[in-house]
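Down below is the structure, laid out as structure tokens.
The values are calculated or read from the model by the stated rules, or taken from the named source; none is laboratory data. Note that the coordinates shown come from a computational prediction; the quantities given were computed from them, not determined experimentally. Positions of Cβ are generated from backbone atoms using ideal geometry, with glycine treated the same way; all protein chains shown enter the neighbour counts.
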Amino acid sequence: MVPTDMFVMEKISQKLLRSPNPPIKPSQCTPLFFNSFTKRDATACIHTHSQNAVLVTMLYDKEFRITNQEMIKGIRRDGTNSYLKYFDTLVVPIIDNTAEERDLTSFMADAMDKYPETCAVLVRNHGVYVWGNTWEKAKTMCECYDYLFELAVRIKSLGIQQ
């Protein structure tokens, strides 16, 4: 990937300044990425359709919760400079999917308002959005979230009580 492969957009107006070559239009995910940029001052947002993220939304109702797991330490409390600790409870809101991805924008924004320390929002039967202060931090957290989602699915499938 090189810089010319990326979209360049103005942060406030969301105006497209440069499109990759050959020109293509921005994804329907763009307004959701901007939720993380404008509401949380993130500089990177990753959206995946991870099977673990999809499965965990089928097993949990309105929020995903897990505690007493080492990988929680890789998740930052948004709006702070601190990370979760082993005995903390990680809480990730789950919003319902819509027919068009751009229609998720207000639901994601509401979830971000209700969960000010989250760095992720799960979308039922769809995937997850994860953001961070840098692309490296967003990627690291995305990997930690996915590990924790997979672990939770396996815990439930094995009937282990926590």
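A few points about this structure:
- Residue within the stretch 86-100 that is on the phi < 0 side of the Ramachandran plot, among the polar types (S, T, N, Q) and at pLDDT below 95 present: no
- Looking only at residues of the stretch 40-61 that are within 15 Å of the chain's Cα centre (by Cα) and charged (D, E, K, R), we find that the one that is surrounded by the most Cβ atoms within 10 Å (Cβ to Cβ) is 40.
- Test result for residue 127, of a type outside the set (S, T, N, Q), at pLDDT below 95 and on the phi > 0 side of the Ramachandran plot: no
- First in the stretch 20-33 and over 12 Å from residue 47 (Cα atoms), second anywhere and surrounded by 13 or more Cβ atoms within 10 Å (Cβ to Cβ) and among the aromatic types (Phe, Trp, Tyr), Cβ under 7 Å, 6 or more apart: 20/7; 26/7
- Of the criteria (1) out of contact with any Phe, Trp or Tyr (no Cβ under 9 Å at 6 or more places or on another chain); (2) modelled with pLDDT under 80; (3) under 21 Å from residue 105 (Cβ atoms), which one residue 17 fails: (1)
- Checking 78, 96 one by one, the residue that is surrounded by 15 or more Cβ atoms within 10 Å (Cβ to Cβ), of a type outside the set (A, V, I, L, M, F, W, C) and within 24 Å of residue 152 (Cβ to Cβ) is 78 and no other.
- Residue in the stretch 30-39 that is of a type in the set (Lys, Arg), under 24 Å from residue 134 (Cα atoms) and surrounded by 16 or more Cβ atoms within 10 Å (Cβ to Cβ) present: no
- Matching residues in the stretch 1-29 - criterion: being surrounded by fewer than 12 Cβ atoms within 10 Å (Cβ to Cβ) and not hydrophobic (A, V, I, L, M, F, W, C): 3, 4, 5, 10, 11, 13, 15, 21, 22, 23, 25
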